[in-house]
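Asker: Mind having a look at this structure? Questions to follow.
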Amino acid sequence: MTEKDKPATEREASHPDNDAAAANSSQALRQQAERVLKQTALSPEDSETLSSAATRQMLHELRVHQIELEMQNEELRESQLALDVVRARYFNLYDLAPVGYCTISEPGLILQANLTAAGLLGTTRGALIKKPLSKFIAKEDQDLYYLHRKKLIETGEPQSCELRMVKQDGTQFSVYLSATVAQNTDGAFEVRAVLSDVSEREHLYKMLQERNVAIEDAMSVAEKANRAKSEFLSSMSHELRTPLNAILGFAQLMDGAEPPPTPAQKGRIERILRSGWYLLDLVNEILDLALVESGKLSLSMETVSLATVLLECQAMMETQGQKHGINITFPAAKIPYFVEGDHTRIKQVLGNLLSNAIKYNKVDGTVVVQCITRTPGRIRICVADTGAGLSPAQIAQLFQPFNRLGKEHSAEEGTGIGLVMTKRLVELMGGAIGVESTVGEGSVFWFELNLTAAPQPAASLSKHAVAAPAQARTATPHTLLYVEDNPANLMLVEELIARRPDITLSSATDALTGIELARATQPDVILMDIKLPGMNGMQALEILAADPATAHIPVVALSANAMPGDIEKGLAAGFFRYLTKPIKVNEFMETLDALLTSSEMQAPPPAANIDAT
């Protein structure tokens, strides 16, 4: 370290002039002490009169005083050593601090600086002294520094700002400048500034911004891909359902025709229907799985009566069990358990497990459903079958999409998606699913859901309560308007309505014609396709609802747009019901019966989805 690099106090302590001043001060003190001694010294006469006792007493006092002085000197030496240690520690803290310190005069010149400040600016501490700090401020930030200094002097309050500084070699870096103002011993003000290097922080911030931009770009790409995927799935669903509607619809008409089909014809019709419904199931399961995987499947979480779900599944599976010769045993009807989940999806989960237990059972086998509470706050629903059972290797592959575990060539139809979808649904409802199986003895598939308290009794019926039977048909004629551009779909509905002498059907192949017919004929109900040439069904509904002449007519969507988002959008737009294709004839006719009764027309129930598929 050069002499210039030493702190001011160190330079003062080691300067030759300072040594001379210290010697002169010591000489002056010695001369003063000699004068005091002469004034207080005893005369020869007084010395002769002193007794030996007095002399001894005086010597004793002198020795005590000498010892006291020596002790005081020792304390002073120790204090000086402690002061030196503190001074050295202070200078270490000052010089080696992680931030730069500068003392700046009123004209803006650097009076003092620590080693860190010199290092930040790429020079020595001595080279900074008497230099203006503004010399090290980047040109672009000179005005910012000027305003900062001006406000500091005017207000006397601490100020801070971020600006760019320039090293001795011209390199720029960013600092956070904090400054306070104080008065020195001469009464002049000086600025005490702290310089913190924030270049790394700026670099990290820039990297973070770049990464955020990259993430936003990736999210944008993902959103576009999701939109494209959703549009593709919706389009695929529509394009598959439209021909299936004609295939299944006309097959159902042929199956129930008068006179009835011959046994050979009936067998062929049943094969058409079975294959058609299987294809529809495959489409629905693929779409459902795609929705789950994309996180877009919405669940209606509520308190669900397990007894109600079991009763519904029992009614739904009895026919299938009888067809296969399988005896199904359900627990007692009054099960006092309520679970948290989506009613429709719980029924879908249990229905899929029951369907598999029936299909892959042995002849005259059994299926037993049990409800067990093993874990507090959870209930396990078990479906036990007497089938062939599964090996550990098969269990390991059980929940893989399109993997039917070697059943692809069996007589039983299946998609290999059902169990995958079941697992996803159970997990979305906060539950768990598993299987226990022994080869040659059978399997027990189970799923667990969270228990919840029973709901409070309500005056109104549950939305899952069984609907009352449709009112008996009367001779009162009703009118139905069907807006549909697909000839096969239109012909199907025409043949269905032809079996109902109490209903008169009119039709239109585009929305504008349909609106004009609605205004002119005032039908009791309007069936509206969504995808129409020119104006679509949504736009037509808006016009009908805004016209006082047609606003009272319930408009029912009958569309192959069967994605959950399509249904939600349709109901939100104001459709009285949203039916999806392919049509199930019995359900379709029952829905029409409900819509055409005078009680429904006067007091329409809340909008809900009736899935015609």
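Asker: Can you tell me the order of 122-131, 270-279 when each peptide is scored by its average per-residue count of other Cβ atoms within 10 angstrom, highest first?
Answerer: In descending order of packing, they fall as 122-131, 270-279.
Asker: Could you grab the Rg to Rh ratio for segment 321-377? Cα atoms only, Kirkwood for Rh.
Answerer: With Rh from the inverse mean 1/r over Cα pairs, Rg/Rh is 1.02.
Asker: How big is D, in µm² s⁻¹, for segment 209-268 by Stokes-Einstein at 37 °C and 0.692 mPa s if Rh is the Kirkwood radius over C-alpha pairs?
Answerer: 212 µm²/s
Asker: Step through the residues of segment 245-262 one at a time and calculate ³J(HN,Hα) from phi using the Karplus curve (6.51 cos²θ - 1.76 cosθ + 1.60, θ = phi - 60°), rounding each to whole Hz and writing x for Gly and Pro.
Answerer: 4, 5, 4, 6, x, 5, 5, 5, 5, 5, 5, x, 6, 10, x, x, x, 5
Asker: Tell me the volume per residue, in Å³, of the convex hull enclosing the alpha carbons of segment 260-397.
Answerer: Cα convex hull per residue, to the nearest whole number: 174 Å³.
Asker: On a 28 Å Cα-Cα criterion, which of the cross-link pairs LYS266/LYS359; LYS266/LYS347; LYS323/LYS569 come out too long?
Answerer: LYS266/LYS347; LYS323/LYS569, as the Cα separations exceed 28 Å there.
Asker: Would you mind checking which residues have amide H under 5 Å from ARG378's amide H? H placed 1.01 Å from N; only 5 or more apart, or other chain.
Answerer: For ARG378, the qualifying residues are LEU451.
Asker: Can you tell me which of 158-165, 322-329, 378-385 comes out highest on packing, and rank the rest after it, using the mean Cβ neighbours within 10 Å?
Answerer: 378-385, 158-165, 322-329
Read-outs throughout are calculated quantities, based only on the coordinates presented, and are distinct from any laboratory measurement. Since the structure is predicted, the reported quantities are computational estimates derived from the model, not experimental observations. Every residue, glycine among them, receives a Cβ derived from its backbone with ideal geometry; neighbour counts consider all protein chains shown.
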